[in-house]
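Structure first, then comments.
The numbers here are math on the coordinates, done by the rules we state, and not lab data. The shown structure was predicted, so the numbers you read here are calculated from the model rather than taken from an experiment. Ideal geometry is used to build each Cβ from the backbone, glycine not excepted, and the neighbour counts take in all protein chains shown.
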Amino acid sequence: MLHKLLKESVYTVVLTGAGMSTESGLSDFRSFQKGLWKHKNPQQIASTYALQHNRTEFIDFYKMRIAALQNCEPHQGHHILAKWEEEGNIQSIITQNVDGFHHQAGSKRVAELHGTLRHIRCQRCHTQYENNLYLLNQYECKCGGFLRPSVVLFGETLPYEAIIEAEKESNQADLFIVLGSSLQVAPANHFPIEAKHTGAKLVIINMEPTDFDEEADIVIQGRQIGEVLKEVDEALHC
Ligand code: APR
């Protein structure tokens, strides 16, 4: 039972994927039903290649995602994780998500592996701007450089600090919980195994099966993350 593992653990780390934010109204990428990548090739849209050679589709894709972000907010699951950090039930979050919802819900220790869609930056001078410029069809910096989202594109390296932080946290964890990720993208999918191999208990909460379920000590499948976290929170405090 997850609430018992949480009570017994000394150092709990949570890895979240796009499935953590679908209950906030944002699409994920690979759900069988309607993930963003269902009918598109991410390499052609969210990549350094697209940034250079397919800029119209690149802008349209990120404009759509920034617009979606404006109408969504963290759900109960994000707030429960922030509360658990406050109470000392979890120590940190590693996220593949770029929506900023963990910070918005109050979580402090969050390693954003894939950057953030919360702002955009100039490709030339690296000046940072609010992301709503995309919604105003403004894509050019004062210096003339192109403004791109501060997310990691396919073909780019992940932020060094976030990777080092995630490595450190995964190796320190005695309980590692995966929430809403298909675990199909590296290096994020290495961290659950690194934690497991350094002695942590592994819990995977995901609507669909993942390739790592056999390694997990607990697998909770087919259920909404927000509901599961609410039940665990109630059991933790009863
Ligand atoms: N509750 C539980 N699980 C859910 C929910 C939910 N409410 N909604 C979706 N899921 C599950 C889906 O079944 C899916 O297996 O979350 C998983 C999300 O997986 P992906 O869409 O592959 O997203 P993610 O694992 O975060 O992808 C990693 O790939 O394209 C890149 O940059 C992108 O950060 C992303 C990375």
Which longest uninterrupted range of the chain lacks any trypsin sites (Lys or Arg not before Pro) assigned by DSSP to a loop state (not H, G, I, E or B) and surrounded by at most 10 other Cβ atoms within 10 Å? 35-141
Rg/Rh (Cα only; Kirkwood hydrodynamic radius) as it applies to segment 81-141: 1.12
How high is the relative contact order of segment 73-180? Use alpha-carbon pairs under 8 Å, at least six apart in sequence, and give a whole percent. 21
For segment 124-160, run through the GluC sites (Glu not before Pro) and keep only the ones in DSSP coil with at most 14 other Cβ atoms within 10 Å of their Cβ. E156
Which net charge results for the neighbourhood of C122, defined as the other residues with beta-carbon distances under 11 angstrom from its beta-carbon, given Lys and Arg at +1 and Asp and Glu at -1? +3
When the distances between all Cα atoms of segment 153-238 are binned every 5 Å from zero, what whole-number percent does each bin get? 3, 14, 21, 22, 19, 14, 6, 1, 1, 0
One would report the Cα pair-distance distribution of segment 52-160, bin width 10 Å, in %, as 14, 40, 30, 13, 2
Which residues does the label zone of L135 cover in segment 51-87, counting backbone N under 20 Å from a point 7 Å along Cα→Cβ? 58-75
State the answer as a single residue: which of Q44, Y160, G88 lies farthest towards the positive end of the charge dipole of the chain, with beta carbon charges of +1 for Lys and Arg and -1 for Asp and Glu, about the Cα centre. Q44
Which residue, V178, F58, G222, has the largest displacement toward the positive end of the dipole of the chain when charges sit on each Cβ (Lys, Arg +1; Asp, Glu -1)? F58
Expected vector for segment 19-29, Karplus 3J(HN,Hα) from phi with 6.51, -1.76, 1.60 and θ = phi - 60°, integer Hz, x for Gly and Pro, equals x, 6, 10, 5, 6, 8, x, 9, 6, 9, 9
Three principal axis lengths of the chain [C-alpha, angstrom, descending]: 56, 33, 31
I want to check the label-to-label distance for E208 and I164. Put each point 7 Å from Cα in the C-beta direction and report it in nm to one decimal. 3.6
Mean separation of Cα contacts under 8 Å (6+ apart) over length of the chain, as relative contact order %: 24
So how strong a dipole does the chain carry about its Cα centre when Lys and Arg Cβ are +1 and Asp and Glu Cβ are -1, to the nearest 20 debye? 880
For segment 142-182, what percent of Cα pairs sit more than 13 Å apart? 72
Taking the Cβ of G100 as the centre, find all other residues whose Cβ is under 10 Å away and add up their charges (Lys, Arg: +1; Asp, Glu: -1). -1
